[in-house]
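Asker: Dropping the structure in here first, questions after.
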Amino acid sequence: MSPSNFRLRPDAPAAPAMGPVLDVKDLRISYSARTVVHGVSFQAARGETTAVIGESGSGKSTIARAIIGLLPQGAHLESGTITLAGDTLTRRPSHEFDGIRGRRIGFVPQDPSNSLDPVATIGAHVGEMFRLHTTLSRAETRERVLALLDRVGLSDPVLRFSQYPHELSGGMRQRVLIAGAIALNPDLIVADEPTSALDVTVQRQILDLLDGLRAEHGTSILLITHDLAIAKDRARDTIVLRSGRIEEQDDTAKIFAAPRADYTKRLIADLPVFAPRPPPADIPAADAADAVVVSNLRVAYPTGRHQTRLAVDSVSFRVRAGTTHAIVGESGSGKTTILRCLTGLIMPDAGTILIEGEDIAHARGPARRAMLRHIQLVYQNPWASLDPRQSVRQIIEEPLRNFAIDSPAGRRARVEAMLDRVHLPRTLLDRRPAEMSGGQCQRVALARALVIEPRILVLDEVVSALDVTVQARVLDLLAELRRDLGLTYIFVSHDLAVVRQIADTLSVIRHGRQVERGPADTLFDAPAEPYTKLLLAAIPGQGNAAPVQLQET
Amino acid sequence: MTRSAPATRPPAAYAETAARIAVRAGHALLVLWGAFTLTFVLLQLMPGDAVMIRFMDPELGLTPAQIAAIRLSYGTGASPFVQYVHTLGQMLHGNFGYSVQLGVPVSSLLATTLPVTLRLAVCGFVAAMTWTFAVAVAATLLPWAWARGLARALPGLWGAVPLYWSGILVIQVVSFRLHLIPVIGVGPWEGMILPALAVSLPVAAPLAQILLQHVDETANLPFATVARTKGASPASVFWRHIIPNAMLPFLTMGGLVFGELLAGAVVTETVFGLDGVGQLTRQAVAGQDVAVLQAVVMISATSFVTINFIIDLLYPVLNPTLRHRARRPTRSRAS
């Protein structure tokens with residue numbers, strides 16, 4: 001029996017073939033007194049992908065929620081109409097909308113890890129569509145669900161049917177969610193940042209899948225994303241949003257070839273994949289001392305009484321003082337474990353780490369403390385790594401207090417000088433993290449790390465949570481600080497486009513093993529290993545969106 | 001494509017489950033032994049004893065020699081260690097000793113009081129669960145915001161009402177004003193209606209607040225929204241997705257509350273004149289009736305341990321992430 005032979009769309013509604021599938025007119029949405037969407041009008045063409053791009057706070061998700069009729073609590077539709085294939089959706093009673101959601105509009109959410117009910121099986125998730133909208137028997141539903149699971153590229157659908165979400169990887173869960181969204185062959189699929197929580201190679205596969213479904217079934221896709229590169233690769237039309245207003249809407253190709261709005265121009269200029277790699281400012285002398293030398297690092301975590309899992313296995317690299325070494329890998333590759341070893345938080349099972357020539361494992365007591373002072377860590381999520389109850393002044397001063405550096409007046413001066421260094425106005429000194437933007441918080445986190453004058457900074461995905469324009473400014477700042485303070489960076493990232501901007505040397509890590517290492521130029525221009533090639537090809541925005549390799553993730 | 005058989009679990013999985021249950025049961029026995037020892041030591045440390053309280057009364061006119069003989073007959077004269085071993089051994093055989101105050105075997109006292117308390121606990125718990133779910137449903141699904149707000153405020157209100165007051169109020173209204181249920185001369189189950197009602201309200205208050213909190217948390221998770229985007233109605237999302245997830249943390253609290261109902265219904269039993277374990281405990285404390293107290297502590301410890309044991313076994317049933325992971329496949333797709 002082969003489920004792929006079943007028709008996927010036997011109950012397709014006879015929609016009129018003409019006109020746009022989605023027509024949004026003068027949409028205006030507010031949260032109490034604050035208007036977040038200011039009279040937005042656009043159309044989505046039938047059978048095409050239309051991208052809505054914008055940074056955080058642009059109102060793109062609010063528009064997506066308005067289209068599926070599930071505005072968040074407190075949001076109010078002030079005016080405007082939304083029409084789906086000729087039928088007006090706005091101002092419908094809730095119970096009427098229940099018959100439209102799922103059946104005529106499919107939704108693919110942002111974060112697959114939390115978007116599946118942890119106590120329901122995969123079969124129940126996809127089957128819910130048929131239970132809610134059709135009168136199919138259990139056996140018929142099962143056949144249809146198996147066919148769908150097969151269609152979205154999941155291996156062994158029968159096994160998947162009875163599995164629970166925690167038994168599947170992020171990419172597989174997103175495939176399950178897509179299977180649910182396409183189950184009843186809707187007119188439109190609204191995909192709200194469908195890949196922003198996924199690794200770059202998985203992102204590519206999921207976007208390929210959506211593209212394939214669109215080509216096969218003529219489903220229209222509204223792709224909500226912050227990533228211009230994805231829009232460039234995948235959408236025929238693009239709408240650029242900023243602060244609830246449309247800056248520009250046109251053919252994607254036209255927008256990228258000749259952007260008209262200044263905002264669009266800046267967005268495109270700031271995208272790392274399009275930016276030229278800056279020439280290394282001043283290359284440290286080839287005989288410069290080694291800041292960090294890692295040899296044959298090995299870390300195993302216990303997983304059972306007599307079992308261990310190798311998180312990191314024989315990883316070696318050498319970072320010369322004043323250069324940036326990038327560690328690149330997807331989730332679960334062991335990047336974070338390497339970081340934790342470097343900063344002395346965990347002890348490796350084998351291998352050595354030399355920080356400025358001294359073995360981190362042998363240092364004890366005050367010597368170890370002094371050594372670790374010179375290697376500081378900056379985290380990915382600036383809001384989570386700053387104490388929400390502390391002011392900026394307290395946050396930056398804390399390391400000085402911990403190491404008992406300087407008098408109170410001297411500390412105050414150092415904090416203010418450091419704030420200037422990271423280009424933050426002193427008026428922020430009394431703010432708390434919640435009162436600042438992501439970029440400002442990340443600058444504060446950098447200031448906190450730098451205030452005790454370390455020589456090495458370990459940067460863990462420090463720009464991944466930031467909008468593209470903010471990301472570009474923080475990368476500029478990092479380059480400036482490295483030049484002025486003679487810092488050495490260890491830059492951990494999953495984003496090769498960003499790495500290309502900043503790294504001198506890099507290590508590619510997969511499943512805890514070092515796949516490839518070497519000078520950045522060599523690895524980017526002539527990668528030797530297939531995995532490195534795959535990673536490079538998966539960077540969106542390069543205009544080569546053809547499927548590379550179908551592999552379940 | 002071939003049909004694999006994922007539904008059957010490998011024998012190793014059963015062996016592992018059995019081993020897990022055995023370890024849990026071992027822990028439970030250890031806790032019971034600890035409870036026994038602790039109570040024994042504490043009761044030994046109390047100044048005075050039951051023999052003194054009952055027989056030292058000058059009106060009885062007993063000589064010190066006679067009192068010493070009585071002490072010997074109750075086994076309270078021996079060294080503490082000998083008493084400990086003796087009592088523990090007897091208890092393992094189901095013999096709880098004699099009540100000094102009442103002069104009857106403790107087991108016969110329990111035989112009459114335990115069913116009353118058990119009935120009260122079960123009825124009270126069922127009633128409490130009913131209120132809890134009614135509040136959760138009302139606070140989540142009622143179409144009017146003011147009604148949802150009211151339902152949300154209810155548990156805090158009734159949780160603040162002391163039991164002796166709400167109990168008397170219930171009797172006043174139901175029995176004396178409305179003449180619905182007589183206060184005396186009722187059957188064993190009919191007579192439980194009022195006490196169960198009274199005991200369930202303060203218990204349901206924290207239960208409802210905790211369930212509501214978890215319902216709110218779950219409702220804000222993306223999968224609840226995703227279920228709505230599939231076209232499920234709010235009620236369908238509530239029953240099929242929110243409640244099964246909110247039940248997981250709620251279960252622990254439910255077990256504790258049931259244990260408390262079994263262990264201490266003193267006030268309810270006093271107000272409604274029920275001769276349950278609560279009454280027995282009150283009398284035993286007043287008379288320092290060591291054997292009875294020891295037995296009561298063991299009964300409540302046993303019920304707590306049993307309830308927790310059952311809940312531990314229920315967790316993997318309700319939460320698939322806690323189940324055995326032997327079924328996790330590591331196959332990759334070859335295409």
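Asker: To the nearest 100 Å², how much accessible surface do chains B and A cover up together, summed over both, with a 1.4 Å probe?
Answerer: Values: alone 19780 and 24510 Å², together 40850 Å².
For chain B against chain A, roughly 3400 Å² becomes buried.
Asker: Rolling a 1.4 Å sphere over the protein heavy atoms, what is the accessible area per residue of the protein assembly as shown, to the nearest Å²? Before the final figure, lay out the partial values.
Answerer: On the way: 40850 Å² over 888 residues.
Accessible area per residue: 46 Å².
Asker: Residues of the stretch A:95-119 losing 20 Å² or more of accessible surface, assembly versus chain alone, probe 1.4 Å, please list them.
Answerer: A:98, A:101, A:107, A:114, A:115, A:117, A:118, A:119
Asker: State the dimensionless ratio Rg/Rh of the stretch A:91-176 (Rg: radius of gyration of Cα atoms; Rh: Kirkwood radius).
Answerer: Details: Rg = 13.5 Å, Rh = 13.7 Å.
Ratio of gyration radius to Kirkwood radius: 0.98.
Asker: So, one more: On the accessible surface of the protein assembly as shown, probed at 1.4 Å, how many percent belong to carbon and sulfur atoms? Each step should come with its number before you reach the end.
Answerer: Values: 23850 of 40850 Å².
Within the protein assembly as shown, the accessible surface is 58 percent carbon and sulfur.
Asker: At 1.4 Å probe size, put A:91, A:131 in order of accessible surface, largest to smallest. Write down the numbers at each step before the final one.
Answerer: On the way: A:91 155, A:131 100 Å².
Result of the area sort, largest leading: A:91, A:131.
Asker: Given charges of +1 on the Cβ of Lys and Arg and -1 on the Cβ of Asp and Glu, with all other atoms neutral, how large is the dipole of the protein assembly as shown about its Cα centre, in debye to the nearest 20?
Answerer: Values: 85 positive and 76 negative charges, 133 e Å.
With Lys and Arg at +1 and Asp and Glu at -1, about 640 debye.
Asker: If you don't mind, another one. With labels modelled as points extended 7 Å from the Cα through the Cβ direction, what inter-label distance (nm, one decimal) is found for residue B:322 paired with residue B:181?
Answerer: Between residue B:322 and residue B:181, the simple spin-label model gives 3.4 nm.
Asker: Across the Cα atoms of the stretch A:22-270, what radius of gyration and what greatest pairwise Cα-Cα distance (Dmax) are found, in Å?
Answerer: Radius of gyration, then largest Cα-Cα span, for the stretch A:22-270: 18.1, 56 Å.
Asker: Work out the FRET efficiency for residue A:45 and residue A:526 from their Cβ-Cβ distance, taking R0 = 41 Å, and round it to the nearest 0.05.
Answerer: Working: r = 41 Å, r/R0 = 0.99.
Once the sixth-power term is evaluated, E becomes 0.50.
Asker: Could you give P(r) for the protein assembly as shown, binned at 10 Å from zero, as whole percent values over all Cα-Cα pairs?
Answerer: Each 10 Å bin holds this share of Cα pairs: 2, 10, 15, 18, 18, 15, 11, 7, 4, 1, 0, 0.
Asker: Shifting gears a bit: Could you grab the relative contact order for chain A? Cα pairs under 8 Å, six or more apart, rounded to a whole percent.
Answerer: Numbers: 1056 pairs, mean separation 87.1, N = 553.
16 percent.
Asker: Report the equivalent ellipsoid semi-axes for the stretch A:119-230 in whole Å, largest first, defined as the square roots of five times the eigenvalues of the gyration tensor built from alpha carbon atoms.
Answerer: Working: eigenvalues 110, 56, 26 Å².
Working through the eigenvalues yields semi-axes of 23, 17, 11 Å.
Asker: Something else about it: So how many Å³ per residue does the convex hull of the Cα atoms of the stretch B:112-173 work out to?
Answerer: Working: hull volume 6.2 nm³, N = 62.
Each residue corresponds to 100 Å³ of Cα convex hull volume.
Asker: Right, next: Using r as the Cβ-Cβ distance of residue A:363 and residue A:537, and R0 as 41 Å, what FRET efficiency do you calculate, to the nearest 0.05? List each step's numbers first, then the result.
Answerer: Numbers: r = 43 Å, r/R0 = 1.04.
For R0 = 41 Å, the calculated efficiency reads 0.45.
Asker: Residue by residue through the stretch B:191-204, which ³J(HN,Hα) values in whole Hz follow from phi under the Karplus form 6.51 cos²θ - 1.76 cosθ + 1.60 (θ = phi - 60°), with glycine and proline marked x?
Answerer: Values per residue, Gly and Pro as x: x, 7, 4, 5, x, 4, 4, 5, 6, 6, 4, x, 6, 5 Hz.
Asker: Whole-Hz Karplus ³J(HN,Hα) for the stretch A:160-176, in order, using 6.51 cos²θ - 1.76 cosθ + 1.60 and θ = phi - 60°, x for Gly and Pro?
Answerer: Working through the residues one at a time gives 4, 3, 9, 8, 9, x, 5, 8, 10, 6, x, x, 5, 5, 5, 5, 4 Hz.
Asker: Which whole-number percentage describes the relative contact order of the stretch A:319-474, with Cα contacts under 8 Å and a sequence gap of 6 or more? Walk me through the intermediate numbers first.
Answerer: On the way: 166 pairs, mean separation 45.0, N = 156.
Computed over the stretch A:319-474, the figure is 29 percent.
Asker: Using Cα pairs closer than 8 Å and at least 6 residues apart in sequence, work out the relative contact order for the stretch A:22-270, in percent. It would help to have the intermediate numbers written out before the result.
Answerer: Numbers: 457 pairs, mean separation 70.0, N = 249.
That works out to 28 percent.
Asker: Further question: Relative to the Cα centre, what is the charge dipole magnitude of the stretch A:305-371, using +1 at the beta carbon of each Lys and Arg, -1 at the beta carbon of each Asp and Glu, and rounding to the nearest 20 debye? Present the calculation step by step, with values, prior to reporting the outcome.
Answerer: On the way: 9 positive and 6 negative charges, 38 e Å.
That gives a dipole near 180 debye.
Asker: Here is a follow-up. Would you mind getting me the FRET efficiency between residue A:347 and residue A:92? Use the beta-carbon distance for r and R0 = 60 Å, nearest 0.05. Don't skip to the end; give the middle numbers.
Answerer: Values: r = 61 Å, r/R0 = 1.02.
Efficiency for this residue pair is about 0.50.
Asker: Could you rank the peptides B:313-323, B:111-121 by their average count of other C-beta atoms within 10 Å per residue, with the highest value first?
Answerer: On the way: B:313-323: 14.1, B:111-121: 18.7.
Final packing ranking: B:111-121, B:313-323.
Asker: Next question. Would you be so kind as to identify which of A:153, A:257, A:134 lies farthest towards the positive end of the dipole of the stretch A:22-270, taking Lys and Arg as +1 and Asp and Glu as -1 on Cβ and the Cα centre as origin?
Answerer: Working it through, the farthest residue towards the positive pole turns out to be A:134.
Asker: Could you pull the Cα extents of the stretch B:162-231 along its three principal axes, largest to smallest, in whole Å?
Answerer: 57, 26, 21
Asker: Along the charge dipole of the protein assembly as shown, pointing to its positive end and built from +1/-1 on Cβ of Lys, Arg, Asp and Glu, which listed residue (B:125, A:182, A:90) has its Cα farthest out?
Answerer: A:182
Asker: Calculate the translational D of the stretch B:243-289 in whole µm² s⁻¹ from Stokes-Einstein, where the hydrodynamic radius comes from the Kirkwood formula applied to all Cα pairs, the temperature is 25 °C and the viscosity 0.890 mPa s. Can you show the working numbers first?
Answerer: Numbers: Rh = 12.4 Å.
Translational diffusion coefficient: 199 µm²/s.
Asker: Using only the alpha carbons, work out the radius of gyration and Dmax of the stretch A:304-367 in angstrom.
Answerer: 13.5, 44
Asker: Shifting gears a bit: When the distances between all Cα atoms of the stretch B:105-319 are binned every 5 Å from zero, what whole-number percent does each bin get?
Answerer: Percent of Cα pairs in each bin: 1, 7, 13, 15, 16, 14, 12, 9, 6, 4, 2, 1, 0, 0.
Asker: If Lys and Arg each add +1 and Asp and Glu each add -1, what is the summed charge of the other residues whose beta carbon sits under 10 Å from the beta carbon of residue A:477?
Answerer: On the way: positive: A:421, A:443, A:473, A:482; negative: A:476, A:480.
Charge balance in the 10 Å sphere: +2.
Asker: Also, I was wondering about something else. So what's the angle, to the nearest 10 degrees on a 0 to 90 scale, between helix A:122-133 and the longest Cα principal axis of chain A?
Answerer: Helix A:122-133 sits roughly 30 degrees off the main axis of chain A.
The values are calculated or read from the model by the stated rules, or taken from the named source; none is laboratory data. These numbers were taken from a predicted model, which means no experiment stands behind them. Positions of Cβ are generated from backbone atoms using ideal geometry, with glycine treated the same way; all protein chains shown enter the neighbour counts. Just so you know, the surface numbers come from the protein's heavy atoms only, side chains and all, with ligands and any DNA or RNA stripped out. Shrake-Rupley method; radii C 1.70, N 1.55, O 1.52, S 1.80 Å.
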